[in-house]
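Quick notes on the structure that follows.
The values are calculated or read from the model by the stated rules, or taken from the named source; none is laboratory data. Fair warning: this is a prediction, and the values are worked out from it, not measured in the lab. Cβ placement follows ideal geometry from the backbone for every residue including glycine, while neighbour counts extend to all protein chains displayed. What goes into the accessible areas is simple: the full protein's heavy atoms, side chains included, and nothing from ligands, DNA or RNA. Shrake-Rupley method; radii C 1.70, N 1.55, O 1.52, S 1.80 Å.
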Amino acid sequence: MSRRALALAHTPLLSRAGLERAAWLRTDAAALRDGWARALVLRMDDTNQVPINNGVLRLVPGPSIADAPPRDAVLIAVLDDTAASHIWAVRDPTPSGNLTDLRSTGALLGARDAGLCTTAQAVLNWHRHARFCPRCGGATEAVQAGWARRCLACGREDYPRTDPAAICLIHDGADHVLLGRQPVWPQGRYSLLAGFVEAGESAEACVVREVREEIGVTVTDVHYLGSQPWPFPRSLMLGFHARADRAAPVVPDQDEIEDARWFHRDDVRAALTADDDWTTTRPGLPFTAPGSISIARGILQSWAQHE
């Protein structure tokens, strides 16, 4: 690898939108009520599918949903300083229109729509699993425009949680990367190694631990690259690259990693020439690369282009 530092060549697809989340509005009941008449709503079904039209999210007027913001609706963004710019998200078991999910079309959506869909999925999924208080077990209700839940018994408030996970490209300092595959993946698919950050652990320490646990390899020179929200169900992927000795034994933990092997830069470039449908095997290619919605593909692309 050259002396020039490796960096992400492009912003990860789910990190492009810097939405204005308008935290100051969440406790302003009058402003939320007045804005609802001109607000727009993103409907998401129970499987996290949303309606789109020609590659654009199909938003509907607030009053077509209800006379006021529904109890579990979430104010996900404000697009400008007018009430008409309030964008909410709701669960709708049967939204009309052409439905798709974030995994399938996140790479095709514009930056704003990808951000809206990512935020909506993350927060609505949290509401689904936060119906009861972790302190006393009492029922909870949504407050602060969907950004908190308050226990009806003890008054405790909880907020949407995000689980940090580290994902790392392992290289030899030259022209090879070490990739692994999980047993549940389509045959031939390989990707970067990743794992959740444990309590009391830094992200860099997580990289070292996870790589050692999953494939028995020690990495050094751990460097941060960038991050991406990953609402499947509620993660934040922290991207890194690190160095390993290509002569060191690779011993996959068979419970999590079926196989791990070194690939040459030319193999990576060849795999990346295919489209980003990672759900099927790609005959004739060295391996099937991760889909473009994942930061893993962006890191691989950046490394493959790095001179």
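Key figures for this structure:
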| quantity | calculated |
| --- | --- |
| Hz values of 3J(HN,Hα) by residue in the range 16-22 - Karplus curve (6.51, -1.76, 1.60), Gly and Pro given as x | 6, 8, x, 5, 7, 8, 6 |
| Radius 15 Å from Cβ of ARG58, net charge of other residues (Lys, Arg +1; Asp, Glu -1) | -2 |
| Carbon/sulfur fraction of accessible area - the chain, other protein chains in place, 1.4 Å, % | 50 percent |
| Residue-normalised accessible area of the chain, given per residue in Å² at a 1.4 Å probe | 47 Å² |
| Candidates GLY35, GLY137, GLY110, ranked by Gaussian network fluctuation over the chain, Cα under 10 Å, top entry | GLY137 |
| Nearest-20 debye value, the range 187-279 charge dipole, Cβ charges on Lys, Arg, Asp, Glu | 300 debye |
| Spatial separation of Cα centroids for the range 92-158 and the range 225-255, in angstrom | 27 Å |
| Antiparallel bridge percentage (DSSP; both residues within the chain; nearest 5) | 75 percent |
| Top positive-direction residue, dipole computed over the range 119-268 with Cβ charges, set ALA122, GLY155, LEU169 | GLY155 |
| Whole-Hz ³J(HN,Hα) from phi, Karplus 6.51 cos²θ - 1.76 cosθ + 1.60, for the range 68-77, glycine and proline x | 8, x, x, 4, 9, 6, 10, 6, 9, 6 |
